[in-house]
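S.K.: Dropping the structure in here first, questions after.
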Amino acid sequence: MAGRRFSLITKGFLKENPTFVLLLGMCPTLATTTSAINGLEMGLATLFVLVLSNIAISLIAPKVPDKVHIPVYIVVIATFVTVLQLLMQAFVPEVYRTLGLFIPLIVVNCIILGRAEAFAGKNGWLDSACDGLGIGLGFTVSLTVIGIIREILGNGSFFGWKFIQGDGILAFVMAPGAFLVLGYLMVIFNKIAKK
Amino acid sequence: MEYFLIIISAIFVNNIVLAQFLGICPFLGVSNKLSTATGMSLAVCFVITFATVVTYLLNQYLLVPFGLDFLQTIAFILVIAALVQTVEIVLKKVSPSLYQALGIFLPLITTNCAVLGVAITVVTKEFTFGSAAPHMLNLAESAVYAFATALGYGLAMVLFSGLREHLALCNVPKSFKGLPVALITVGIMAMAFLGFSGIV
């Protein structure tokens, strides 16, 4: 049992990586990874909502009529997003300002509704928590990796530590860089996974 | 003049897909064929404009006066979900041919982050157009902004699906097949759209 829970947590990194394999949650992946720290913060914010909504949904799922389950799930998710918004405004207002619009948009992040549909609705609360933790960590790692690459290329720094003086390749901090970096990372991921 | 600036800015300079990264999932998901891309763009256009007007009014006359702004996220997503459902029912009755054409795209729009994104942007962000001072948009400006943003979405979608139809015929290396090469194409498109920055 413990082994199964452990594999639920680790599968998010490679086998069911939400970004590179399941291709979910593209908007925050592209928009908030302008630097490594931003990517990490966005990943953790998503992780928070994912774990809590997975637990809540796994507990209420047996009582929710089948016809209205999607709206109910969305309201549950939106509630946790609002909790997160209020917490962030209170304790880390700067982070909230940088991530901006993409915190409320966690509501429509397909990873969360996807996990609720595919896993939390059918499993116990502990398993669902592990599943949320695993997928959330996988998402966080992918976002951080994309952030690190974009920050190094675009700004010549690593987690804010500047090792190349002067400007980097600005395009990588701007919109085109996000698409290009994600595209090439996916190629590398495909190459490794297919072997 | 101001409306003109809003429209140019929303379509080209701050294109919702290529500069703001909203609505990427359907953008990548249904852009395989030009005809489906057009259908999706039309449906999104309709819903974004309608949803923005409704959520703007809801925010202005219900949430703000009662100090309930913190409920924005929940209230907006519910309104959008209900609205999409209503649009679906009305369209089915009034114009079955359009309903047939849009098909499965209508229900999918609820989870399109472009809709919620635009609705939240117009009630929280201050805009600066031309020489005017930064200000919140009023109802008419919000509606124009939402409509223009949706047009920008349609433009990006139609252009991209055209490219993708050609891409399908090309001999792409194996690990680039599918999404990776599509993303790189979008990256190059976004680079082209960067050329518009600075004109408004």
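S.K.: Residue separation times 0.36 nm, minus the C-alpha to C-alpha distance between B:Ser197 and B:Met136: what's the value?
M.R.: Fully extending the segment from B:Ser197 to B:Met136 adds 19.8 nm.
S.K.: Let me ask you something else. Straight-line reach from A:Lys67: which aspartates and glutamates fall under 20 Å, measuring Cα to Cα and dropping same-chain residues less than 8 apart?
M.R.: Cα-Cα hits under 20 Å: A:Glu117, B:Glu88.
S.K.: So what are the radius of gyration and Dmax for the Cα set of the stretch A:1-138, in Å?
M.R.: Every Cα atom of the stretch A:1-138 included, Rg and Dmax give 14.6, 43 Å.
S.K.: Turning to a different aspect of this structure: Within 10 Å of each Cβ of A:29-40, how many other protein chain Cβ atoms are there on average? Let's see the in-between values first.
M.R.: On the way: counts 2, 9, 7, 1, 1, 0, 0, 0, 0, 0, 0, 0.
Partner-chain Cβ atoms within 10 Å, mean over residues of A:29-40: 2.
S.K.: Quantify how much of the Cα-Cα distance distribution of the stretch A:1-51 extends past 15 Å, in percent.
M.R.: Here the tail beyond 15 Å accounts for 58 percent of pairs.
S.K.: In addition: Once you sort the root eigenvalues of the Cα gyration tensor of chain B as a ≥ b ≥ c, which label holds: rounded (a/c under 1.5), prolate (a/b larger than b/c) or oblate (the other case)? Write out the running numbers ahead of the final one.
M.R.: Values: a/c = 2.07, a/b = 1.31, b/c = 1.58.
Since a/c reaches 1.5 but b/c is at least a/b, the shape of chain B is classed as oblate.
S.K.: Can you give the FRET efficiency to the nearest 0.05 for B:Asn32 and B:Val90, using r as the Cβ-Cβ distance and R₀ = 51 Å?
M.R.: Working: r = 29 Å, r/R0 = 0.56.
Here the calculated transfer efficiency is 0.95.
S.K.: Equivalent-ellipsoid semi-axes (√(5λ), Cα gyration tensor) for the stretch B:4-48, whole Å, largest first?
M.R.: Sorted largest first and rounded, they come to 20, 13, 9 Å.
S.K.: For the stretch A:115-182, list log₁₀ I(q)/I(0) at each q in 0.17 Å⁻¹, using the Debye formula over Cα point scatterers of equal strength and ignoring solvent, two decimals each.
M.R.: Computed log10 I(q)/I(0) values: -0.66.
S.K.: If you don't mind, there's one more thing I want to ask. Where does helix B:139-167 land angle-wise versus the long Cα axis of chain B, in degrees 0 to 90, nearest 10?
M.R.: Compared with the principal axis, the helix lies near 10 degrees.
S.K.: Along each of the three principal axes of the Cα atoms of the stretch B:1-105, give the extent in whole Å, ordering the values from largest to smallest.
M.R.: Principal-axis extents of the Cα atoms in the stretch B:1-105, largest first: 46, 37, 28 Å.
S.K.: For the residue pair B:Phe70 and A:Leu126, what label-to-label distance in nm results when each label sits 7 Å from Cα along the Cα-to-beta-carbon direction?
M.R.: The modelled label-to-label distance comes out at 3.4 nm.
S.K.: Given R₀ = 30 Å, FRET efficiency for B:Ala82-A:Leu44 by Cβ-Cβ distance, to 0.05?
M.R.: Efficiency at R0 = 30 Å is approximately 0.40.
S.K.: Could I ask something else about it? Order of B:Tyr145, A:Tyr96, B:Tyr61 from fewest to most other C-beta atoms within 10 Å?
M.R.: The most exposed by this proxy come first: B:Tyr61, A:Tyr96, B:Tyr145.
S.K.: For a label point 7 Å from the Cα of A:Ile164 along Cα→C-beta, name the residues of the stretch A:6-45 whose backbone N is under 13 Å from it.
M.R.: Once the point is set 7 Å along Cα→Cβ of A:Ile164, nothing inside the stretch A:6-45 turns out to lie under 13 Å by backbone N.
S.K.: Explain nothing, just the number: relative contact order of chain B, from Cα pairs under 8 Å at least 6 residues apart, as a whole percent. The partial results should precede the final answer.
M.R.: Details: 218 pairs, mean separation 85.5, N = 200.
Relative contact order for chain B comes out at 43 percent.
S.K.: Shielding by partners for B:17-25, please: the mean number of other protein chain Cβ atoms within 10 Å of each residue's Cβ.
M.R.: That average works out to 6.
S.K.: How high is the relative contact order of chain A, in percent, counting Cα pairs under 8 Å that sit 6 or more residues apart?
M.R.: Numbers: 277 pairs, mean separation 70.1, N = 195.
Normalised by residue count, the contact order of chain A is 36 percent.
S.K.: Just checking the output field for B:69-78: average partner chain Cβ neighbours within 10 Å of each residue's Cβ? Mind showing how you got there, number by number?
M.R.: Working: counts 0, 5, 3, 4, 13, 9, 2, 3, 10, 4.
For peptide B:69-78, the averaged partner shielding equals 5.
S.K.: Fully extended, how many nm does the chain gain between B:Leu159 and B:Leu42 (0.36 nm per residue separation, minus their Cα-Cα distance)?
M.R.: The B:Leu159-B:Leu42 span can extend by a further 40.7 nm.
S.K.: Same structure, new question: Compute the convex hull volume of the Cα atoms of the protein assembly as shown, divide it by the residue count, and report the result per residue in Å³ as a whole number.
M.R.: With only Cα atoms used, the protein assembly as shown gives 165 Å³ per residue.
S.K.: Work out the FRET efficiency for A:Ala90 and B:Leu62 from their Cβ-Cβ distance, taking R0 = 25 Å, and round it to the nearest 0.05.
M.R.: For A:Ala90 and B:Leu62, the calculated efficiency is 0.55.
S.K.: Rounded to whole Hz and in sequence order, give me ³J(HN,Hα) for the stretch B:57-69 from the Karplus expression 6.51 cos²θ - 1.76 cosθ + 1.60, θ = phi - 60°, writing x for Gly and Pro.
M.R.: Values per residue, Gly and Pro as x: 5, 4, 5, 5, 9, 10, 6, 5, x, 9, x, 10, 4 Hz.
S.K.: Let me ask something else about it. Going highest first, how would you order B:53-59, A:34-40 by mean Cβ packing within 10 Å? Provide the component values of the computation, followed by the final result.
M.R.: Numbers: B:53-59: 19.3, A:34-40: 21.6.
The most tightly packed comes first, giving A:34-40, B:53-59.
S.K.: Could you give the dipole magnitude of the stretch B:41-200 about its Cα centre, charging the beta-carbon of Lys and Arg +1 and that of Asp and Glu -1, in debye to the nearest 20?
M.R.: Values: 6 positive and 5 negative charges, 97 e Å.
So the magnitude is around 460 debye.
S.K.: From largest to smallest, what semi-axes in whole angstrom does the stretch B:154-200 give when each is the square root of 5 times an eigenvalue of its alpha carbon gyration tensor?
M.R.: Values for the stretch B:154-200, descending: 24, 12, 7 Å.
S.K.: Can you put A:Glu94, B:Glu2 in order, fewest other beta carbons within 10 Å first?
M.R.: A:Glu94, B:Glu2
S.K.: Quick one: order A:Arg97, B:Arg164 by neighbouring beta-carbon count within 10 Å, fewest to most.
M.R.: A:Arg97, B:Arg164
No value in this document is a laboratory result; all are computed from the given coordinates. Predicted, not measured: the structure shown is a model, and the values here were computed from it. Quick reminder, even Gly has a Cβ in these numbers, built from the backbone with ideal geometry, and neighbours come from all protein chains shown.
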